[in-house]
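The values are calculated or read from the model by the stated rules, or taken from the named source; none is laboratory data. For clarity, every value in this text was computed on a predicted model and none was experimentally measured. Heads up, the Cβs are rebuilt from the backbone with ideal geometry, glycines too, and the neighbour counts pull from every protein chain shown. Protein only, heavy atoms only, side chains kept; ligands, DNA and RNA dropped before computing areas. Shrake-Rupley method; radii C 1.70, N 1.55, O 1.52, S 1.80 Å.
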Amino acid sequence: MMKIYVIIAKSATGKDTMFEKLLANKELGLKRLIMYTTRPIRTHETDGVQYHFVDEAFLEKNRAAGKVVEERCYDTVFGLWYYFILDDEQTNKDEKYLVINTAYGFDAMVKYYGRDKIVPIYLEIGALERIERALKREKAQSDINDPEVAKNKINEMCRRYCADEKDYNEDFLKEIGIVRHFDDTVLEDCYKEICDFIKEDK
């Protein structure tokens, strides 16, 4: 049976790092489920690896064809950014997949594929640690020395923090079936706990 493990967390919680570590563990046998996005590609990203980077016309074409499993739109300071999953050839096999998504995206995937095929992995860290990680990530971008770009990036970072506090409230998480939390403050400890969880999951 096809099964998709979904990493879910607020921004700057370590989703990407955990995602790559879990994929690299051959013992887990996980395959990357690549999502689609209309946002611009970031420094050090590669099309078809982290995401398929597409335009809104591509999204609209697949909406019309009924192939969109779930989608989200973010009204950022840079314009509207869409993230979505397609019912494509990636999930036509009895394999175990790994993907990063939001709580709302997870809920939509459950409704589309069924609860037995979608497993949440919810990461969390403290608020101050999240802010520090987000700032460090923005400082590493190649265009951060442009004052106007820097201002926009900080505004976007703050917008995402506030939106996450609203979107990831405990009542909603419990309502959609996310009850177990993995503390990602210490990466290796969290990684080991998740590996054990996946191995035990039948």
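Of the residues Tyr104, Tyr112, which single one is surrounded by fewer than 20 Cβ atoms within 10 Å (Cβ to Cβ) and under 14 Å from the mean Cα position of the chain (by Cα)? Walk me through it before giving the result.
Numbers: Tyr112 fails: under 14 Å from the mean Cα position of the chain (by Cα).
After ruling out the rest, the residue left standing is Tyr104.
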Look at segment 125-163 and say how many of its residues are part of a helix (DSSP H, G or I), open to solvent by less than 60 Å² (accessible area, probe 1.4 Å) and aliphatic (A, V, I, L, M).
6
Name the one entry in Ala127, Ala134, Ala163, Ala103 that is farther than 20 Å from Asn25 by Cα, in contact with a Leu (Cβ under 7 Å, 6 or more places away or on another chain) and modelled with pLDDT under 95.
Ala103
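Determine whether Tyr82 is buried (at least 17 other Cβ atoms within 10 Å of the Cβ) and touching a residue at least 40 places away in the same chain (Cβ under 8 Å).
yes
Considering each of Lys93, Lys166, Lys174, Lys117 in turn, give the residue that is of a type outside the set (Phe, Trp, Tyr), within 30 Å of Ala65 (Cα to Cα) and either open to solvent by less than 30 Å² (accessible area, probe 1.4 Å) or within 19 Å of the chain's Cα centre (by Cα) (or both). So that I can check it myself, show each step before the final result.
Values: Lys93 fails: either open to solvent by less than 30 Å² (accessible area, probe 1.4 Å) or within 19 Å of the chain's Cα centre (by Cα) (or both); Lys166 fails: within 30 Å of Ala65 (Cα to Cα); Lys174 fails: within 30 Å of Ala65 (Cα to Cα).
Criteria check complete, one pass: Lys117.
Determine, yes or no, whether Thr37 is open to solvent by 20 Å² or more (accessible area, probe 1.4 Å) and either closer than 25 Å to Leu173 by Cα or free of Cβ contacts under 8 Å to residues at least 12 places away in the same chain (or both). Talk me through it step by step, then tell me what you get.
Working: open to solvent by 20 Å² or more (accessible area, probe 1.4 Å): no; either closer than 25 Å to Leu173 by Cα or free of Cβ contacts under 8 Å to residues at least 12 places away in the same chain (or both): yes.
It is false that Thr37 is open to solvent by 20 Å² or more (accessible area, probe 1.4 Å) and either closer than 25 Å to Leu173 by Cα or free of Cβ contacts under 8 Å to residues at least 12 places away in the same chain (or both).
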Could you please find all residues in segment 85-127 being without any contact (Cβ under 8 Å) to a residue 40 or more places away in the chain and among the acidic types (Asp, Glu)?
Asp87, Asp88, Glu89
Do we have any residue at all in segment 79-100 that's more than 26 Å from Lys202 (Cβ to Cβ), in a loop (DSSP other than H, G, I, E, B) and not charged (D, E, K, R)?
no
